[in-house]
Amino acid sequence: MTVAGLAIAVLLLFGFTAVVFETRSAVGELSDQSALAQANAEGNQVKSDIATFEATARTLASTMSNLHGKGARDRSIATAVLKTDLLKSKVALGAWTMIAPDQWDGPDVGKGGQPGTSKDGNFRPYWVKNNGTVAQIPNNAAEGYNKPFFRKSFESGDGAILDPYMFDAGGRTVLMTSITQPVRSGNRVIGVAGLDMELSSISERLSKLKPFGTGRVTLLSANAIWVANPDAARLGKLYADPGLDDVKAAIASGETRVLTDIEVDGVPTRRVIRPVAFQGLNTTWAVVLDVPEATIASPAHRMAWQLVIGGLVIVGAVLVSLFYAAGGIIGRPMGKLSEAVDRLAKGEDVAIPELGRQDEIGTMARAADVFRQAAAEKADADRRLAEDQEIVTGAVGEGLNALRQGDLTREITEAFPSGYLALKDNFNAALAELRHMIGAVANSANGIKTGSAEIAQASEDLARRTEANAASLEETSAALVQIDQRLRASAHAASQTVLRADEALLTVSGGRDVADEAVQAMGRVSDSARGIDSVIEGLDKIAFQTRVLAMNAAVEAGRAGDAGRGFAVVADLVSALAMRSEEEAKRAREQLTATQSDIGTAVEAVQRVDGAFANISGGVTEVHSLLGQMAADNQAQSVAITQISAAVSTMDHSTQQNAAMVEETSAAARNLTTEAATLNNNTARFDTGEL
């Protein structure tokens, strides 16, 4: 009885061990697949978050490049554009640009007081967002040109993301990173534009995740610096847990790795390292997913304890039954009956004597014979039970082995004993349901893969067209800014010309007064020839002053350009008249002894000069009116161009935002294609019997 109980216990132990081993292996494999899927999902989310900032930084650098390339290098305009881009971002803490010395608008010497300019004249504006307000802070640290946030993008000509660092923002210490993009002028890199991004939102979101109920999700930078971790003391610090070499190798190769048999904070843990590559920034970070080994092994442990307890109950019940049966057939040893019972107990098939007796010995003999018959029947029943168990365990073992290899078509076809028919039916039904589910998943994965590929292609085409439209709008905006500046300059020149025309009118009016005085003087000369010399001297001075005024008018007309051509003609006429006056004065001086008739001739000449001044005054008045009208027209055109420029600038920013959103959609579609392909490869491991 003891041997039989031990044999049953050994058989149950081997069967239970095999079941527990297969269960633990399946649970571990499914746990790794689930952890990897969740790590992939979180990695894609992190990639999407960083891609949004990378697109904003690239747009900012592109705007600066276009301003410089189109010649719109006003530092106040570029600084205002930087502030506008910072206001559009909800979580960016700062926006900045650092232009290499003497590369924005010529030599930097003497430009220290301009907007966005350091005290040494370098153009490096820096806007910071603090408690909802945006303020510009000085960036006077010249050594910043040697720091990684400037050198990486400036030397490589590509985008970059810095390792996380702690920063004091408005009295609170936050974990930040900076995304940088090169600013170009043609094929030449002239500086770097960047956005400062707070990482607390990513860290808080990942800290709330609890894979399998007890796990956690963290994030590492390219140099194994903690970006997200539930332990705030580790943020910004180097990875110090076991497996640092494996972590760096996974980030360098871009391949996912699973670390087992490591202890994290004293707890045996299974750690999944899933690299996340930021293509536009030439950098790879890693999502780290931790699950305690006890959490993964707990289902197998529970099943093992259940099987052990059940086996002990079965063995105990069998042994108790055997002991009770033996107790029921043991009597007082008597002669041959005792010998027969002894031989029977040794396993010999003997006939029980004294069966025909009707006394107590016969009763015991018949009882012994009953025991003999019961032993024979029990042996036959055990044999049949063993055969039934062998059939059941063999068929179920083959079915489980086929299932482990991914064959979902291997159903149990052997005939089971009646007591095990429910097990056969349940196994076949479960296999059919699993086959149907895996087949449906495979079909869905194929459909998702095809649809996501079409969406990705359409999104990429739309992104290229949107980027082309954004570039055209930026060029149009820059051209309108130049036209507006030229119209403002023309309006200012016309206003100055009007002022000069007013001065000329005053001068001509004064000349007419002088001519009137000359006429009166000539009248007095008619009475006294002795005053002729004084009159001639006065005419000589008037002629000289008129020539000087004519020269000044000619200079001002030359400054006015095309708008002053008519005024230049008038100035030439005035100069010619002044020269004639000098000639008349000279002849008058030579004819001091001439007669009164010559003096009358001089009076007539002076009157003709007065008439010429009157004509000049009328022409200058007309020029003054035309110049005023031109100034008003230029001012109106300048206002209209300014409004058009503002509208085009608004369209430009909207188009750039649309381009960024389309790029994000394209990236998401590509990620969906990759995930669908992965799901399709996983389902292909199973044979569902369908082509």
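The values are calculated or read from the model by the stated rules, or taken from the named source; none is laboratory data. This one's a predicted model, so the numbers in the text were calculated from it and none came from an experiment. All Cβ positions, even for glycine, are placed from backbone atoms using ideal geometry, and neighbour counts span all protein chains on display.
Among the candidates Val128, Val174, Val183, single out the residue that is surrounded by 21 or more Cβ atoms within 10 Å (Cβ to Cβ), assigned to a strand (DSSP E or B) and of a type outside the set (Gly, Ala, Ser).
Details: Val128 fails: surrounded by 21 or more Cβ atoms within 10 Å (Cβ to Cβ); Val174 fails: surrounded by 21 or more Cβ atoms within 10 Å (Cβ to Cβ).
Step by step, each of Val128, Val174, Val183 is checked, and only Val183 is surrounded by 21 or more Cβ atoms within 10 Å (Cβ to Cβ), assigned to a strand (DSSP E or B) and of a type outside the set (Gly, Ala, Ser).
Look at Asp425 and say whether it is more than 30 Å from Thr56 (Cβ to Cβ) and outside the structural domain of Met551 (by TED's automatic domain parsing). Full working, then the answer.
Details: more than 30 Å from Thr56 (Cβ to Cβ): yes; outside the structural domain of Met551 (by TED's automatic domain parsing): yes.
Yes.
Determine which single condition Thr177 fails, assuming it passes every other condition in (1) more than 18 Å from Leu93 (Cα to Cα); (2) touching a Pro at 6+ places or on another chain (Cβ under 9 Å); (3) not aliphatic (A, V, I, L, M).
Here Thr177 meets the rest and fails (1).
Pull up segment 400-427, narrow it to residues that are touching a helix residue (DSSP H, G or I) at 6+ places or on another chain (Cβ under 6 Å) and not hydrophobic (A, V, I, L, M, F, W, C), then point me to the one that is surrounded by the fewest Cβ atoms within 10 Å (Cβ to Cβ).
Glu414
Please work out if Glu143 is closer than 15 Å to Gln181 by Cβ, surrounded by fewer than 16 Cβ atoms within 10 Å (Cβ to Cβ), acidic (Asp, Glu) and free of Cβ contacts under 8 Å to residues at least 40 places away in the same chain.
Numbers: closer than 15 Å to Gln181 by Cβ: no; surrounded by fewer than 16 Cβ atoms within 10 Å (Cβ to Cβ): yes; acidic (Asp, Glu): yes; free of Cβ contacts under 8 Å to residues at least 40 places away in the same chain: yes.
No.
List the pairs whose first member sits in segment 385-404 and is within 12 Å of Pro417 (Cβ to Cβ) and in contact (Cβ under 8 Å) with a residue 24 or more places away in the chain, whose second member is surrounded by fewer than 13 Cβ atoms within 10 Å (Cβ to Cβ) and hydroxyl-bearing (Ser, Thr, Tyr), and whose Cβ atoms are under 9 Å apart, counting only residues at least 6 apart or on separate chains?
Ala395/Thr413
To keep it simple, each residue is scored yes or no on (1) part of a helix (DSSP H, G or I); (2) of a type in the set (Lys, Arg); (3) within 60 Å of the chain's Cα centre (by Cα); (4) at pLDDT 70 or above.
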{"site": "Asn552", "(1), (2), (3), (4)": "yes, no, no, yes"}
{"site": "Arg580", "(1), (2), (3), (4)": "yes, yes, no, yes"}
{"site": "Glu583", "(1), (2), (3), (4)": "yes, no, no, yes"}
{"site": "Arg587", "(1), (2), (3), (4)": "yes, yes, no, yes"}
{"site": "Thr593", "(1), (2), (3), (4)": "no, no, no, no"}
{"site": "Ala612", "(1), (2), (3), (4)": "yes, no, no, yes"}
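Could you go through segment 375-391 and let me know if any residue there is at pLDDT 70 or above, surrounded by 12 or more Cβ atoms within 10 Å (Cβ to Cβ) and in a loop (DSSP other than H, G, I, E, B).
no
Looking at segment 244-254, is at least one residue touching a helix residue (DSSP H, G or I) at 6+ places or on another chain (Cβ under 7 Å) and either without any contact (Cβ under 8 Å) to a residue 60 or more places away in the chain or not in a helix (DSSP H, G or I) (or both)? Full working, then the answer.
Kept after step one, since they are touching a helix residue (DSSP H, G or I) at 6+ places or on another chain (Cβ under 7 Å), are these residues of segment 244-254: none.
Within segment 244-254 (the criterion being touching a helix residue (DSSP H, G or I) at 6+ places or on another chain (Cβ under 7 Å) and either without any contact (Cβ under 8 Å) to a residue 60 or more places away in the chain or not in a helix (DSSP H, G or I) (or both)), the answer is no, since none of the residues qualifies.
Checking Glu143 against (1) at pLDDT 85 or above; (2) out of contact with any strand residue (DSSP E or B) (no Cβ under 7 Å at 6 or more places or on another chain); (3) outside any loop (DSSP other than H, G, I, E, B), which single condition isn't satisfied?
Glu143 satisfies all of (1) at pLDDT 85 or above; (2) out of contact with any strand residue (DSSP E or B) (no Cβ under 7 Å at 6 or more places or on another chain); (3) outside any loop (DSSP other than H, G, I, E, B) except (1).
Name, by its number, the condition in (1) acidic (Asp, Glu); (2) crowded, with 21+ Cβ neighbours inside 10 Å; (3) more than 22 Å from Pro164 (Cα to Cα) that does not hold for Glu54.
(3)
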